[in-house]
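Have a look at the structure below before the remarks.
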Amino acid sequence: SIRLRSIYGDSNVICGYYKPPYPDGFFDWGPTVEIDATDIKQIADAVKKYKIDTIYNLAAILSATAEKNPKLGWDVGVGSLMNCLDVAKEFNCAVFTPSSIGAFGPDTPKDRTPQDTVQRPKTVYGITKVMGELLSDYYHDRWGVDTRSVRFPGIISNLTHPGGGTTDYAVEIYYNAVKEEKFICPLKAGTFMDMMYM
């Protein structure tokens, strides 16, 4: 929301949130509204109230957490997206929802991975991302909903603590270093894992 507000102005970007805590000053950065993304009425009410033309659906239960509670992972990962797509269809909004390299799986070619390739993930999170891509295509083809998505690697945030994703160990390494504590990395030596810092 910080980048979008720098482009469109603080009052023109409505930040939906669910269950704080959030970084200091979060609620001073511009308009916010508490939304449970699994509740379509809350999404529709916010779109109507604020005349929203683009929904950025960032709701997800990350991989490690979704493995502990697969139903919650599905309900948030797929249910919230379907809610956003239905609201977008009704109110003529665009929808951006990030996908993930988690949409791939062990059978996906590892070198120079093609855009269109085998997607057989072995996690609930990855499965929800494949379904999200397919649902978005479906809503575009069937009803003309303007949907976009990008497959991101794991993202390390500069504002929030680890949230149950595959890059959590990287963040924990930094926190432990600052506290001058040891950290034993769970990956084998020589393992490469893509991630982005935000």
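Annotations for the structure displayed:
- Subset tally (residues that are modelled with pLDDT under 80 and assigned to a strand (DSSP E or B)) for segment 1-56: 0
- Just so you know, in segment 46-82 the residues that are open to solvent by 20 Å² or more (accessible area, probe 1.4 Å), of a type in the set (Gly, Ala, Ser) and touching a helix residue (DSSP H, G or I) at 6+ places or on another chain (Cβ under 6 Å) include one that is nearest to ASP146 (Cα to Cα), and it is ALA59.
- Neighbours by Cβ (under 7 Å, 6+ apart or cross-chain): first from segment 119-143, without any contact (Cβ under 8 Å) to a residue 24 or more places away in the chain and more than 10 Å from VAL78 (Cβ to Cβ); second open to solvent by less than 50 Å² (accessible area, probe 1.4 Å) and not in a helix (DSSP H, G or I): GLN119/PHE104; GLN119/GLY105; GLN119/THR108; ARG120/GLY105; PRO121/PHE104; PRO121/GLY105; LYS122/GLY105; HIS140/THR147
- Any hit, segment 168-186, residues being surrounded by 11 or more Cβ atoms within 10 Å (Cβ to Cβ), closer than 20 Å to SER63 by Cβ, among the charged types (D, E, K, R) and at pLDDT below 75: yes
- Of LYS129, LYS110, all but one fail to be crowded, with 18+ Cβ neighbours inside 10 Å and among the basic types (Lys, Arg); the exception is LYS129.
- In segment 20-49, the residues that are under 23 Å from VAL95 (Cα atoms) reach residues that are among the charged types (D, E, K, R) and modelled with pLDDT under 90 with C-beta atoms within less than 7 angstrom, at least six apart or across chains, in these pairs: TRP29/ARG5; TRP29/ASP10; GLY30/ARG5; GLY30/ASP10.
- Extreme residue, modelled with the highest pLDDT, among residues of segment 83-107 that are open to solvent by 60 Å² or more (accessible area, probe 1.4 Å), more than 27 Å from GLY144 (Cβ to Cβ) and of a type outside the set (A, V, I, L, M, F, W, C): ASP107
The values are calculated or read from the model by the stated rules, or taken from the named source; none is laboratory data. In this text, all values refer to a predicted model and were calculated from it rather than measured experimentally. All Cβ positions, even for glycine, are placed from backbone atoms using ideal geometry, and neighbour counts span all protein chains on display. For accessibility, only protein heavy atoms count, side chains too; no ligands or nucleic acids. Shrake-Rupley method; radii C 1.70, N 1.55, O 1.52, S 1.80 Å.
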